[in-house]
Structures are given as C-alpha cells and as structure tokens.
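Worksheet: one structure, shown below.
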Amino acid sequence: MPWDLKPDRPIYTQLVEHIELMILSGVYPPGTKLPSVRDLAKEASVNPNTMQRALSKLEEDGLIITHRTSGRSITEDSGMIKKAKTRIAQEQVLEFLEKMQKLGFDQKEILSIITGMIEEVRR
Amino acid sequence: MLTRLIKYELKATGRVLLPLYAVLLVFAAISKLIFAFSDNSYSVPAVISTMIYIMILIGMFVMTFVVMIQRFYKNLLSDEGYLMFTLPTMTWKHITSKLLVSTIWNIGSSLAAILSIVILAFDEIFFTGLLPKFFRLLGEFFNSFGLNSGLIILEFILAGIICMASGMLIIYASIALGHLFNQHRVLASLGAFLALSTVSQILFFCVTSLPGLDSLSEYVDSLDNLQASAFMFHWVMWFIIIFFGLLSAGYFFITNYILNKRLNLE
Amino acid sequence: MTPVLECNGLTKAFGRKKALSDVSLKIDHGQIVGLLGPNGSGKTTLIKLANALLTPSAGEIRIAGMTPGLSTKKIISYLPERNYLNDWMRVQDIIGLFSDFYEDFKPEKAYDMLKRLNISANDRLKTLSKGTKEKVQLVLVMSREAELYLLDEPIGGVDPAARDYILETIISNYNPEATVIISTHLISDIERVLDYVVFINEGRVVLSSSVEDIREQGKSVDGLFREVFRC
C-alpha cells in the first residue's frame, strides 16, 4: 500500500490513518511484528519523530502493543480490531450523513437511497 | 592533536618535495658521471647537465617556498579551510604544525642541496684532503678567538632556525592580516608584508640604538682584544636569537589572533 | 534544556552589505529543521557563523549554550555547500583523517555507506566527479554521531535519484536526540521529513513554526513558502 501523503494535512494524522487501514485491511494481520520506527519512516520517507508519534497514538488506541525487548506488534485482541473497525465505520457514516443533511435529505429518504443502492450493487 | 596535524602536513607536503629531492640527487649523480666521462668540462653534454642541475636546484628552493605559502593559504583560508577549521582542534596547533613542517622542509632542502654538491664534487672533497683541511682551518679560526666551538655551533643553529621561523611567520602574519579585508585579499597581504617588514626594521634600529648599549661598548673597550671579540661574537648571536625570537612570537600572536577571533572564510 | 542553537540579535555584515540582520532564534534538540529561503537570503551565512568560520558583526550565537569554538566543533557535524576535500587524498585517507580527529566518527558506518554507493575507498578524490565528491562528504558527515548536524544545501546540485538517497541516508542515520538543520530552497522534496521550519529572507527570519502547525491550517510548507516569498 503506497504511502500517499497529502501536503496540506498534518503528516501525523495521515500516518495514523494509513497504518490503521493497513492493520484493518489485513496487510498486517493480528499478532504480526511491525517494522522498526526507522524502517517505517524510511518507507514512508517521513521524519522518524513523526512516525514515532503516530505509533504511540496507535498504541494508546490499543491497536499496537510494544514489547520491552522485541519491538512492536499488532494486537491479537480481535475485539480491539473490531472496535477500531466500528469506530472508523461510524466516522465514515457520520461524514456521509452530514453531507446528506446538507443536501436536504431526511432520515427516511437516506435509508431508501441506501437500500436501493445495495440492491443495485448485488445485482 | 598536534602530532596528528603534523602527520597530515608531512604527508601533504612530502609527496611534492621528496620526489624533488630524489630528482636533484639523481641528476647530480648523472652530471657527475657525464663529467667523469667527458674530456673537458666545457663539452656540450657537461654544460647542459650542469644547467639542468642548477635549474632543478633553484626549482627545489622555489618549490619549498611555494609549498610553504600554499599550505598556509590554500589549506587554511580557501575551501579546504572549511574542513580544517571545523576540526576540533586549537588554531595555534594549525599554525604550529605548518610552521614546524615548513622548517623541516627548509632544512631538508638545504641538506639535499649540500648532498648534491657532495655528489658532484665527490673527488675534490674526499680524495684531495679538502675536507679535513677545511675543518682544521675552521677549528684554528675559532681557537684563535678563544671560543668554544660547541657553543658557537649551537648558537649558529639556533639563530638559523629562529631567523628561518621569523621569515615564515612574517608571511603567515601578512596573509592573516590580508584576510581581514573583504576584497583584494592578496593585494592586502602584500601590503601587510611591506608594513610588517618596515615596522620590524624600525624596531631593529630602535633596539640597536638603545642608550644602554654605550655602557656595553665601554665594557668591551676595557677587555683585551681576544676577549673583546669573543664577547662581541656571543653578544651578537644572542641578540639575534632573542630579537628574532621575540619578533617571531609577535608574528605568531597576530596570526593566531586573526585566525581565532577574526576568521571570515569566503 | 538549553536549545541546541540559539541566536540573539545576530548580525553579520560584509562591508556595507548586511547578510544577516538581527536574527533571534531558538532551536531545540531532537528535531529535523528546514532552514528555508531563496538563494542569497543568508542561510549559508547563518550556518557558517554556527561553525565559527565567520565572526559575528553584532549579537551572539550559541551552540548548546556555548560560543562557537573547540567544544562546539566536537558536537557539530557540518556539510558545507562546497567541496572541502584535499585533492591529493584517497577516499580512505579522508576517512582516516575523520577517525583521527572526531571521537564520534564511525568508520565502519562510512565504509558501509560507500559500498552501497559503489564508491571505492581506494579512489583518489581528484578523479571523482563533482556529484560523487558531494556524496563522499555526506557520508563523512552522516557517519558521525553528533548532536547537531548542519547540512548546507545537501540536495542542491544532485539528480532526483541521488536526492532520494540523501534523504533516506539522513532519515536512517537520524538519532532522535540529535538535531538536523537542512538549508535548502527545494522545499517540496524535503518537507515530509521536517519537524520545524525557519523561513529566512534578505537576512531576516520571517517565520518559524512547527510543520504540523502549518498543516493544521490546511497549508503545505511549499504553499506557505510561495505565499510568503511571492514576488
């Protein structure tokens, strides 16, 4: 997954989102070891300090576990991963809902559009 | 750190001068052989080889001088100075290492010249008894003045080295003074050299005409001839050693102060 | 903690021309800092003052609390914008010189980097191309474990591939306690690695800010630079 960083948003938040996505989409399955900060920084060609901060944030969120001796790995707690997945889904939906409201749709209309779309995709 | 600086200085300069010494000696030997095999000393090959020998000899001394200036100017005050002045070492060590190594090469060039003459005049020196005769005459000369030849040699060597050092340090100080200017630094260095030599000469005249010297000449008058000449000889030697020693210290101080406190690399 | 670099009213004039005027600045440990400005804005002058290669006309500059001198030279690793190599040396000689004089120089690191760059330690410096000489100097500078790295235009004269290599070298040798100050006018190439930027123009600091603060406002460093230095 290429590190596609935008120049006009904080790098730190973009790194957090990117690594989160890599974990949730299975690029880094639960329990696998993460590369070192330096290697990750080199891969993304960003400052190791920023990468360090991003990893600390992910650790706070419970997605990454730091071992005293052997670096970092992805959590094996599937509940944690599920929780993170749900949170991202909620964020996405919230954003979507805000946009729809701006366009003047009410709850019922939104739901009918969604069910309609799902039917269409299924076919 | 000083020994390491000297090591690099010797490496940087030795690669230019040592081959020159070798060429000089080899050419002296070749000339010697040509002389040995030609009937008269005005034959064409003999004249040509003598001329080449003399050119190499002059070239060697010129190179010694050029290397001395170039090592100071180029290594410290041009782009290479970016490396030298960011090394964690004191400025006086840079100056000292350059001064010491230049002194070594000055002596080295003189020795190489003497050695080449010895090669050229090998027969005359060793087979005609010229050498022992020369030393005997020298010894008699000193003895007649009641001088200790060991002390004299020491004084000569000391005076020679100090005069040599002051000659180099005045150039270092001139280059450093020229560096104080923002433009035309080479021209400014030449000007500084003229100014420094003038000041040094004025100092020399001032010191030699100090009032105390009158009583000294009265004292010399009270001695007999032999004692007087011995006394005067030592006196003059030590005067030279001390005067040029102090002058060298002054030049060194100027150079060190400027390179330390007023450095402005372009 | 004392800042690793601090200037107070720092001024440097060459004759009547002021290269730096009244610069006051504080830079802390543990960052990668971009010293950004157009050509001739005073970036090189500031870096040379930090290295004691220039003497201030007024004001002061301090490195980890000390005036530039013997003890600051021990902790600064400096890459000048020009070639300072002695032509007569071989690559291994200059590595020897660095290990002789700098206690924090790691020769094995230097040899390792040279190998990856396909530069032979036996080559004479005289025979190397300009770009290769620049790489040798970068290798020397990055093989030290210094407190402060001052890199003057490290990516100025090289092609994009070499530029990537240089950035990679800086990132992979970076020690989180050290500070790296990179001067350049090519901002978009390096802005991803910067923690902090200082914009300098006509000898004055016009802006100093953390990069994340700039991005929080929805701007890129490059965009802000163009805004500040619009002609």
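Per residue, the accessible area of chain C comes to 41 Å² when a 1.4 Å probe rolls over the protein heavy atoms.
Which whole-number percent gives the relative contact order of the range B:63-214, counting Cα pairs below 8 Å spaced six or more residues apart? Don't skip to the answer; put the middle values down first.
On the way: 64 pairs, mean separation 25.5, N = 152.
Contact order relative to length: 17 percent.
A simple packing score, the average count of other Cβ atoms within 10 Å per residue, orders the peptides C:192-205, C:101-114, C:43-56 as C:43-56, C:192-205, C:101-114, with the highest score first. Given labels modelled 7 Å from the Cα in the Cβ direction, how far is it in nm from B:CYS163 to B:ALA195? Simple spin-label model gives 2.8 nm for this pair.
Using a 1.4 Å probe over protein heavy atoms, the accessible area lost on pairing B with C, summed over both chains, comes to approximately 2700 Å². Taken over the range A:3-123, the percentage of Cα pairs per 5 Å bin, counting from 0 up to the bin with the maximum distance, is 2, 10, 16, 18, 15, 11, 10, 8, 6, 3, 1, 0.
Treating only the Cβ of Lys, Arg, Asp and Glu as charged (+1, +1, -1, -1), what charge dipole size does chain C show about its Cα centre? Round to the nearest 20 debye. List each step's numbers first, then the result.
On the way: 29 positive and 31 negative charges, 172 e Å.
Around 820 debye, computed over chain C.
The slack in the chain from B:LEU210 to B:ILE114, taken as 0.36 nm per residue of separation less the alpha-carbon distance, amounts to 30.6 nm. Let a ≥ b ≥ c be the square roots of the eigenvalues of the Cα gyration tensor of the range B:1-148; is it rounded (a/c under 1.5), or, if not, prolate (a/b larger than b/c) or oblate? Oblate shape, in that a/c is at least 1.5 and b/c is the bigger or equal ratio. Taking a ≥ b ≥ c as the square roots of the Cα gyration tensor eigenvalues, with a/c under 1.5 meaning rounded and otherwise prolate when a/b beats b/c, else oblate, which class fits chain B? Oblate shape, in that a/c is at least 1.5 and b/c is the bigger or equal ratio. The label point for A:ASP39 and the one for B:LEU130, both projected 7 Å from the Cα toward the Cβ, are 7.9 nm apart.
Add -39500 (n - 2.57) for each DSSP H run of 4 or more in chain A, then divide by its residues: what number comes out at 222 nm, to the nearest 500 deg cm²/dmol? Numbers along the way, then the final one.
On the way: 5 runs with 77 residues, N = 123.
That calculation yields -20500 deg cm²/dmol at 222 nm.
Roughly how many Å² is the accessible area per residue of chain A, as a whole number, for a 1.4 Å probe? Each residue of chain A exposes 66 Å² on average to a 1.4 Å probe. Over the range C:1-132, the Kirkwood radius and the radius of gyration, each from Cα atoms, give a ratio Rg/Rh of 1.02. Taken over the Cα atoms of the range A:11-76, the convex hull encloses 77 Å³ per residue. The eigenvalues of the Cα gyration tensor, multiplied by 5 and square-rooted, give the range B:203-266 an equivalent ellipsoid with semi-axes of 39, 12, 6 Å from largest to smallest. With respect to chain A, whose longest principal axis is taken over its alpha-carbon atoms, helix A:48-60 is tilted by about 60°. Once the convex hull of all Cα atoms in the range A:79-122 is built, its volume per residue stands at 85 Å³.
Could you work out the helix-only [θ] at 222 nm for chain B, with each DSSP H run of four or more residues adding -39,500 (n - 2.57) and the total divided by the number of residues, to the nearest 500 deg cm²/dmol?
Numbers: 10 runs with 228 residues, N = 266.
When only DSSP H runs of four or more count, the value is -30000 deg cm²/dmol.
The antiparallel fraction among DSSP beta bridges confined to chain C stands at about 55%. With a simple spin-label model that places each label point 7 Å from the Cα along the Cα-to-Cβ direction, the separation between A:SER78 and B:SER222 comes to 11.7 nm. Of the chymotrypsin sites (Phe, Trp or Tyr not before Pro) in the range B:1-95, the ones in a loop by DSSP (not H, G, I, E or B) with at most 13 other beta carbons within 10 Å are B:TYR42. Between the alpha-carbon centres of the range B:221-266 and the range A:73-123 there is a gap of 93 Å. Expressed in Å, the radius of gyration and Dmax of the Cα atoms of the range C:97-148 are 11.0, 33.
In units of the rule-of-thumb radius 2.2 N^0.38 Å, the range C:84-231 shows an alpha carbon radius of gyration of 1.17.
Round to a whole number: what % of the accessible area of the protein assembly as shown belongs to carbon and sulfur, probe 1.4 Å? Show your work: numbers first, answer last.
Details: 19880 of 32350 Å².
With neighbouring chains kept in place, the figure for the protein assembly as shown is 61 percent.
Take the Cα coordinates of the range C:149-231, assign each an equal point scatterer, and use the Debye formula without solvent to give log10 I(q)/I(0) at q = 0.19, 0.20 Å⁻¹. Log10 I(q)/I(0), no solvent term: -0.94, -1.03. Expressed in Å, the radius of gyration and Dmax of the Cα atoms of the range B:132-266 are 20.0, 63. When only alpha carbons of the protein assembly as shown are considered, Rg and Dmax amount to 35.8, 134 Å.
Determine which residues of the range A:63-94 fall in the zone a paramagnetic label at A:ILE110 would reach in this model, i.e. backbone nitrogen under 19 Å from the point 7 Å along Cα→Cβ. Inside the label zone: A:86-94.
Comparing the chain by itself with all protein chains present, which residues of the range B:84-125 are at least 20 Å² less accessible (probe 1.4 Å)? Going by heavy-atom accessible area, the residues of the range B:84-125 that drop by at least 20 Å² are B:PHE85, B:THR86, B:LEU87, B:PRO88, B:THR89, B:MET90.
The values are calculated or read from the model by the stated rules, or taken from the named source; none is laboratory data. Since the structure is predicted, the reported quantities are computational estimates derived from the model, not experimental observations. Cβ sites come from the backbone with ideal geometry, for glycine too, and all protein chains shown count toward neighbours. Protein only, heavy atoms only, side chains kept; ligands, DNA and RNA dropped before computing areas. Shrake-Rupley method; radii C 1.70, N 1.55, O 1.52, S 1.80 Å.
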